[in-house]
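Structure, as structure tokens:
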Amino acid sequence: MPSYRVTLTIGLLRPGVQPQQVLPAAAGAAAELTRVEARDLAVVAGEARITVRYLADHDEMARDVAGRVAGEVTGLAGVSRTAITRREGTRWVPC
């Protein structure tokens with residue numbers, strides 16, 4: 001089963017949301033549909049980015065999982081970018 005990841009660039013948090021809520025909520029949304037392999041929060045070029053890596057049977061399923069994650073995160077914070085990639089050998093390629 002291929003490995004995928006969704007990366008979201010997040011901005012301002014919604015009122016009442018604590019920063020430590022966002023990453024677990026994103027991973028939890030993915031876990032409702034598939035197995036989550038990893039989750040990560042990084043600051044890249046001054047922007048907060050969360051990444052959830054998960055398994056999916058095919059690209060369509062991967063997009064569904066990413067949509068669920070993005071929907072969950074959008075309820076907690078502003079999202080300026082979303083990217084979905086698939087693992088092919090040692091590289092991550094857009095799907």
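No value in this document is a laboratory result; all are computed from the given coordinates. Computed from a predicted structure; not experimentally measured. Using ideal geometry, Cβ is built from the backbone for each residue, glycine included, and neighbour counts are taken over all protein chains shown.
Please find, within the range 28-56, the residue that is surrounded by the most Cβ atoms within 10 Å (Cβ to Cβ) out of those that are in a helix (DSSP H, G or I) and free of Cβ contacts under 8 Å to residues at least 40 places away in the same chain.
Filtering the range 28-56 for residues that are in a helix (DSSP H, G or I) and free of Cβ contacts under 8 Å to residues at least 40 places away in the same chain, the one surrounded by the most Cβ atoms within 10 Å (Cβ to Cβ) comes out as 30.
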Residue list for the range 66-93, restricted to those being assigned to a strand (DSSP E or B), of a type outside the set (S, T, N, Q) and either over 14 Å from the mean Cα position of the chain (by Cα) or closer than 12 Å to residue 8 by Cα (or both):
77, 78, 79, 81, 83, 84, 87, 88, 91, 92, 93
Could you run through the range 57-71 and say how many residues are surrounded by fewer than 18 Cβ atoms within 10 Å (Cβ to Cβ) and either more than 14 Å from residue 25 (Cβ to Cβ) or among the charged types (D, E, K, R) (or both)?
8
Residue check, residue 85 surrounded by 15 or more Cβ atoms within 10 Å (Cβ to Cβ), of a type outside the set (Lys, Arg) and within 24 Å of residue 1 (Cα to Cα):
yes
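Being part of a helix (DSSP H, G or I), closer than 15 Å to residue 82 by Cβ and basic (Lys, Arg) is the requirement here; does residue 63 meet it? Don't jump to the end; show me each part of the working.
Working: part of a helix (DSSP H, G or I): yes; closer than 15 Å to residue 82 by Cβ: yes; basic (Lys, Arg): yes.
Against the criterion (part of a helix (DSSP H, G or I), closer than 15 Å to residue 82 by Cβ and basic (Lys, Arg)), residue 63 qualifies.
Among 12, 8, which is under 21 Å from residue 62 (Cβ atoms) and in a strand (DSSP E or B)?
Numbers: 12 fails: under 21 Å from residue 62 (Cβ atoms).
That would be 8, the only listed residue that is under 21 Å from residue 62 (Cβ atoms) and in a strand (DSSP E or B).
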